[in-house]
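First comes the structure, then the notes that go with it.
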Amino acid sequence: MVAIFCTGFLNDHGQRIMKYGDSERISAQKQTLNGDDIQLANEVMQAQLSRKFFLSTTRPLTAGQRHDGEGASWLYELDTGEYWRVYTVSEDFSSVGWQQVFASQVHSPPPAVIKALRDSGIGGTTEGAFNIS
């Protein structure tokens with residue numbers, strides 16, 4: 001899996017443009033949400049596919065606002081080509097090498113996310129190297 005870190009934003013005439021820094025290959029364990037988590041997600045109108053991830057990383061990922069993802073770090077699965085937007089950091093022990101996050105699958109990530117992934121050189125740099133449909 002690849003972590004794509006949100007590094008802040010630019011203010012372009014009052015419009016926030018999110019910035020993404022270098023990407024890092026990390027180990028991750030993806031889990032389905034249990035019944036309580038699914039019920040909670042439904043209660044807050046979370047319509048997208050969500051999963052819980054345990055990540056092996058010393059750099060903390062950030063969670064974005066649920067309605068628009070602003071400020072979110074992203075995950076990219078190399079084997080499936082799936083993009084995941086982090087919406088909750090539930091456990092942050094990145095200082096000792098791990099985090100637990102909740103993320104939603106997104107089929108069309110912002111161009112800046114795809115550019116950051118391409119620029120990292122992880123997984124290839126050609127147009128067809130990443131699932132961008």
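Structure summary
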| item | result |
| --- | --- |
| Heavy-atom accessible area order for R118, R25, R85, largest first, 1.4 Å probe | R25, R118, R85 |
| Q31/L10 FRET efficiency (R0 30 Å; Cβ-Cβ; nearest 0.05) | 0.30 |
| Long-range HN-HN contacts of L33 with modeled amide H, under 5 Å | K52 |
| Partners for K19 among lysines (Cα-Cα distance below 17 Å; same-chain residues under 8 apart left out) | K115 |
| Solvent exposure ordering (accessible area, 1.4 Å, most first) of H13, H107 | H13, H107 |
| Estimated FRET transfer efficiency (I17, D92; beta-carbon r; R0 35 Å; 0.05) | 0.85 |
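The values are calculated or read from the model by the stated rules, or taken from the named source; none is laboratory data. Quick caveat: nothing in here was measured; it's all calculated off a predicted structure. As a convention, Cβ positions derive from the backbone with ideal geometry for all residues, glycine included, and neighbour counts pool all protein chains shown. What goes into the accessible areas is simple: the full protein's heavy atoms, side chains included, and nothing from ligands, DNA or RNA. Shrake-Rupley method; radii C 1.70, N 1.55, O 1.52, S 1.80 Å.
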